[in-house]
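A.B. asks: Submitted below is the structure of interest, expressed as structure tokens.
The values are calculated or read from the model by the stated rules, or taken from the named source; none is laboratory data. The model shown is predicted, which means the values in this text are computed figures rather than measured ones. Methodologically, a virtual Cβ is constructed for each residue, glycine included, from the backbone with ideal geometry; neighbour enumeration extends over all protein chains shown.
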Ligand SMILES: Cc1cc2nc3c(=O)[nH]c(=O)nc-3n(C[C@H](O)[C@H](O)[C@H](O)COP(=O)(O)O)c2cc1C
């Protein structure tokens, strides 16, 4: 596996939803999990854990739960695009087709990483602001992103998914995740069926970054 530079890895880390069932070797999986463990967290508490799901029956149940949610999401998403420009509809249709593939083959994915978090030990500095709180996630998702980047470096396809969080109670029961841990993401990983990672489409920096004050052009 040729080494990949960090910038190239970040710039090509697209969602890969068509995965081969071939197993992921333990040493590869270990490097991915170790990369996750290097992520920062508030107070270095690391209020996350990951359940590495390889058991066929458990993956099959996760797949049933996931597919039900995916197909509902996908139908709603397409309905919202009624009358949208053709290029956007076509792009979305391609994404949804890949999503259908993942949903229908979830059980065949060799590994699903289910990330859990403990809200009781997280530093949540925006909890009392009267709006949706996001800071807690900053102690969890950097670990998920590190795992995704490590997958990219290992030639593994992967995608961050959150639809299973809608049925947290069933997932917790299935994986014996104790109170008060919640679920933050499920990441199916496996070797890609097609090209795998590649070019991504994102807003330009000029639209995302400001100089000193909101709205001031960065460059
Ligand atoms: C918070 C979050 C939740 C997501 N949930 C799902 C999901 O449940 N299922 C899925 O197929 N993709 C999911 N994605 C992947 C996004 O759809 C994907 O990153 C985005 O469309 C950009 O696609 P690209 O990385 O291929 O360019 C999620 C991504 C994020 C960051």
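A.B. asks: Looking at region 85-106, I want the residues that are at pLDDT below 95 and have a partner that is more than 10 Å from the ligand (Cβ to nearest atom) and part of a helix (DSSP H, G or I) with Cβ atoms under 6 Å, at least 6 apart or on another chain. Which pairs are those?
C.D. replies: Here the result reads none, with nothing in region 85-106 linked to a residue that is more than 10 Å from the ligand (Cβ to nearest atom) and part of a helix (DSSP H, G or I).
A.B. asks: Here's a follow-up. Going through 139, 74 one at a time, which residue ends up being buried (at least 17 other Cβ atoms within 10 Å of the Cβ) and at pLDDT below 95?
C.D. replies: On inspection, the qualifying residue turns out to be 74.
A.B. asks: Here's a follow-up. Assuming residue 169 fulfils every condition listed in (1) part of a loop (DSSP other than H, G, I, E, B); (2) exposed (fewer than 14 other Cβ atoms within 10 Å of the Cβ) apart from one, which condition is it?
C.D. replies: Exception for residue 169: condition (1).
A.B. asks: In region 98-124, how many are away from the ligand (no atom under 11 Å from the Cβ) and within 21 Å of the chain's Cα centre (by Cα)?
C.D. replies: 16
A.B. asks: Is there a residue in region 21-41 that is under 17 Å from the mean Cα position of the chain (by Cα), within 15 Å of the ligand (Cβ to nearest atom) and in contact (Cβ under 8 Å) with a residue 40 or more places away in the chain?
C.D. replies: The answer is no; no qualifying residue exists.
A.B. asks: All but one of (1) farther than 16 Å from residue 52 by Cα; (2) in a loop (DSSP other than H, G, I, E, B); (3) over 17 Å from the mean Cα position of the chain (by Cα) hold for residue 207; state the number of the condition that does not hold.
C.D. replies: Residue 207 satisfies every listed condition except (2).
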